[in-house]
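The values are calculated or read from the model by the stated rules, or taken from the named source; none is laboratory data. Keep in mind that this is a model prediction, so the values were computed, not measured. No Cβ is skipped: glycine too gets one built from the backbone with ideal geometry, and neighbour counts run over all protein chains shown.
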Amino acid sequence: MDCGSAAFFLKGNPRYELLVFDLKLGSPRVLKLIPLARSLSHRKHLPIMVLKETEGGAAEELARNLGPDDMLSRKDLGGVARSVARLLRSARNEAVALD
């Protein structure tokens, strides 16, 4: 999905439990979606994961400064799976606490 469509869906009402952004897919534009998601009241507490290609680099540093909940190498499939499970558990526990 292009960034314009992603922004449209973020602003809308579809229910999401986790946002995953891939730095390989147009880093500068993708990174604008993290602050957008954090600025929307209905997305503010949604966990955000960023997938990266390699260690380091300007895009990774910028992404880290935007405050995703986790950042992992897309090659670390086990780590990605564990992180998804952890973030979803955490989000569900937070939702229960807010109710």
- Message: Of all residues being more than 23 Å from A85 (Cα to Cα) and either of a type in the set (A, V, I, L, M, F, W, C) or not in a helix (DSSP H, G or I) (or both) in segment 32-44, which is modelled with the lowest pLDDT? Just the residue, please.
- Response: K32
- Out of segment 2-37, which residues are among the aliphatic types (A, V, I, L, M) and crowded, with 16+ Cβ neighbours inside 10 Å? A6, A7, L10, L19, V20, L23, V30, L31, L33, I34, A37
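In this structure, is V84 surrounded by 11 or more Cβ atoms within 10 Å (Cβ to Cβ), hydrophobic (A, V, I, L, M, F, W, C) and assigned to a helix (DSSP H, G or I)? Break it down stepwise before answering.
Values: surrounded by 11 or more Cβ atoms within 10 Å (Cβ to Cβ): yes; hydrophobic (A, V, I, L, M, F, W, C): yes; assigned to a helix (DSSP H, G or I): yes.
So V84 passes the test.
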- Conditions: (1) hydrophobic (A, V, I, L, M, F, W, C); (2) closer than 17 Å to S5 by Cα; (3) in contact with a strand residue (DSSP E or B) (Cβ under 9 Å, 6 or more places away or on another chain). L40 meets all but one. Number of the miss? (3)
- Task: Any residue in segment 32-49 that's touching a residue at least 12 places away in the same chain (Cβ under 8 Å): show its pairings with residues that are part of a loop (DSSP other than H, G, I, E, B) and among the hydroxyl-bearing types (S, T, Y) at Cβ separation under 8 Å, as long as the two are six or more apart or on different chains.
- Result: R43/Y16; L46/Y16
- Note on the structure: Filter segment 48-68 for residues that are touching a strand residue (DSSP E or B) at 6+ places or on another chain (Cβ under 7 Å) and surrounded by 17 or more Cβ atoms within 10 Å (Cβ to Cβ); the one that is farthest from R15 (Cα to Cα) is E60
- Item | Single unsatisfied condition, L66 versus (1) without any contact (Cβ under 8 Å) to a residue 24 or more places away in the chain; (2) under 14 Å from the mean Cα position of the chain (by Cα) | (1)
